[in-house]
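Asker: I am attaching a structure below and will ask some questions about it afterwards.
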Amino acid sequence: MVNPTNRADALRHGSLEPADNGHLDPVALAARLVSIDSTNPDLVPGGAGEAEIAAWCAQWLAARGFQVHRLEERAGRPSIVGIKRGTGTGGSLMLNAHLDTVGVAGYEGDPFSGERHSGRLHGRGAFDTKAGLAAVLVAAHRATLTPLAGDVLVTLVADEEFGSLGTEEVLRRFSADAAIVVEPSELNLTVCHRGFAWFELTLHGRAAHGSMPGEGVDAIRHAGLVLHGLDELRTGLEQRPAHPLLGHGTVRVAMIAGGTDAATVAPSATLTIERRTVPGEAPKQVEAELRHLLDHLAATTADFRYDLTRLVARGAFEADPTWPIVRLLDEQAERVLGRPVVQRGEPFWTDAGLVREAGIPCLLFGVDGSGAHAPVEWATERSIHQLAEILEDTIIAFCG
């Protein structure tokens, strides 16, 4: 426990212990969380991972009377679930925030300083999303100082920045009547986002001497036909009715490799294809479109042979504006901010897609700032306080 006479210095330098009440200030708490390296090791080999920050948050929750569950199907990649039980007569609400961050290579300054100046909190994860994580902790504690009718579940998950193993593990064990996923949204309501699917396409040719190309099958030439076909698919996507917040789906080649040397007809080529989807474009549908394109090429091009593997696919997310959680969060945000709140969509994917697929109505809401995955990252201190207040009031309104 920090000596009270040294608390101001501790707040500046992020040295508070989990049980210290200085961490009921969400900005001070966020600064402490930024000081803990939680770089995702699947993104950066040798990254610190979530073990230290998960243990710290577990102690914070336990010190404030939450039932704490540690989930760790993959060693060294824990997620934490903290629960305050209600009387059993109200709705249950899940608050989801991720513990991991991207790497710090190229970061300008100390990425773990938690430095505060000019009304901003700086450091890796300040915006994405340790400020939101701090607001969740403080809001959940404040909201449950008086027992509620419904349960409050705080889910602090590993691996959001890569494979989402933490949220997947949580959802196999826990559920709720609604959820708020805390991602940086500049204090706007994110009610939809795109999905994505990644495919690996291997084209099979036949090697031959470069001076006699007719004796071989040029896989790189076939790759050119695929690129042309994908351009036509892209044009078709852009001619479909646009989603009001997300626009159109997209398709592109992210990586391409092929051939063995300058004197040999390429015996193979490999393309990594990314398809970003909007609501209504299911992963199976997207794969069927690609296979239709490739089957057409196989039927009309001599010796065109391919293998297509779906590497990963995540469906798009869309909230129903009539869900109680959407209406309540909108109302509380407008009250705290003193203005109508914008509803928007995001081009990227988040764990909200998994939460919705699990049958839980949800949306995204988070702090104001900038620099996610960038050389300088920050969140405004004002928005951290506002987020904590909005979340606290929404918890009370929803859980009763």
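Asker: In whole Hz and in residue order, list the ³J(HN,Hα) couplings for the range 71-77 that follow from phi through the Karplus curve 6.51 cos²θ - 1.76 cosθ + 1.60, θ = phi - 60°; x for Gly and Pro.
Answerer: Using θ = phi - 60°, the values come out as 10, 8, 4, 9, 4, x, 10 Hz.
Asker: OK, next. Using the Kirkwood radius built from alpha carbon pairs, what does the Stokes-Einstein equation give as D for the range 258-400 at 4 °C and 1.567 mPa s, in µm² per second? Intermediate values should be presented prior to the final figure.
Answerer: Working: Rh = 19.6 Å.
Value of D from the Cα-based Kirkwood radius: 66 µm²/s.
Asker: Post the alpha-carbon centroid distance, the range 195-232 to the range 139-193, in whole angstrom.
Answerer: 44
Asker: In the P(r) worked out for the range 358-400, what percent of Cα pairs fall beyond 17 Å?
Answerer: Percentage above 17 Å: 49.
Asker: Right, next: Taking a ≥ b ≥ c as the square roots of the eigenvalues of the Cα gyration tensor of the range 114-200, is the shape rounded (a/c under 1.5), prolate (a/b larger than b/c) or oblate? Intermediate values should be presented prior to the final figure.
Answerer: Numbers: a/c = 1.85, a/b = 1.05, b/c = 1.75.
Verdict is oblate for the range 114-200.
Asker: Let me ask something additional. Would you calculate a helix-derived [θ] at 222 nm for the chain, using -39,500 (n - 2.57) for each DSSP H run of n ≥ 4 and dividing by the full residue count, to the nearest 500? Please list the in-between numbers first.
Answerer: On the way: 10 runs with 128 residues, N = 400.
Rounded to the nearest 500, the figure is -10000 deg cm²/dmol.
Asker: State, in angstrom, two size descriptors of the range 275-335 derived from its alpha carbons: Rg to one decimal place and Dmax to the nearest whole number.
Answerer: Rg, Dmax (Cα atoms, Å): 19.9, 66.
Asker: What GluC sites (Glu not before Pro) does the range 38-92 have in DSSP loop regions with at most 14 other beta carbons within 10 Å?
Answerer: Working: sites: Glu50, Glu52, Glu72, Glu73; in loops: Glu50, Glu72, Glu73.
Passing sites in the range 38-92 are Glu73.
Asker: If amide hydrogens are placed 1.01 Å from N in the peptide plane, which non-local residues have theirs closer than 5 Å to the one on Ala269?
Answerer: Under 5 Å from the amide H of Ala269 lie the amide H atoms of Leu203, Gly205, each far enough along the sequence or on another chain.
Asker: Starting from the Cα of Arg327, step 7 Å along the direction of its Cβ; do the same at Phe162; then give the gap between the two resulting points in nm.
Answerer: 4.2
Asker: Would you kindly calculate the translational diffusion coefficient of the chain, applying Stokes-Einstein with the Kirkwood radius from alpha carbon pairs, for 37 °C and a viscosity of 0.692 mPa s, and quote it in µm² s⁻¹ without decimals?
Answerer: On the way: Rh = 22.9 Å.
Approximately 144 µm²/s, per Stokes-Einstein.
Asker: Taking only Cα atoms of the range 187-276, what ratio of Rg to Rh do you get with Rh as the Kirkwood inverse-distance radius?
Answerer: 1.19
Asker: Amide H of Thr264: which non-local residues (sequence gap of 5 or more, or other chain) have their own amide H closer than 5 Å, using H built in the peptide plane?
Answerer: So Thr264 has HN proximity to Gly210.
Asker: Dividing the Cα radius of gyration by the Kirkwood radius, what Rg/Rh value follows for the range 319-390?
Answerer: Numbers: Rg = 13.7 Å, Rh = 13.9 Å.
Across the range 319-390, the Cα-based Rg/Rh ratio is 0.99.
Asker: Let me ask something else. Express the relative contact order of the chain as a whole percentage, based on alpha carbon pairs under 8 Å and six or more residues apart in sequence. Kindly include the intermediate steps, with their values, before the conclusion.
Answerer: On the way: 927 pairs, mean separation 88.3, N = 400.
Relative contact order, the chain: 22 percent.
Asker: Between the helical axis of 283-300 and the dominant principal axis of the chain, each derived from Cα atoms, what acute angle in degrees is found, rounded to the nearest 10?
Answerer: 10
Asker: Can you tally the net charge around Leu297? Count Lys and Arg as +1, Asp and Glu as -1, for every other residue whose Cβ sits under 15 Å from the Cβ of Leu297.
Answerer: Numbers: positive: Arg221, Arg291, Arg305; negative: Asp218, Asp231, Glu232, Glu289, Asp295, Asp303, Asp307.
Combined, the nearby Lys, Arg, Asp and Glu give -4.
Asker: Can you send over the solvent-accessible area of Leu246, 1.4 Å probe, protein chains only, in Å² to the nearest 10?
Answerer: 10
The values are calculated or read from the model by the stated rules, or taken from the named source; none is laboratory data. Bear in mind the structure is a predicted one, so any value in this text is a computation, not a measurement. Methodologically, a virtual Cβ is constructed for each residue, glycine included, from the backbone with ideal geometry; neighbour enumeration extends over all protein chains shown. To get the accessible areas, we keep the full protein, side chains included, count just its heavy atoms, and leave off ligands, DNA and RNA. Shrake-Rupley method; radii C 1.70, N 1.55, O 1.52, S 1.80 Å.
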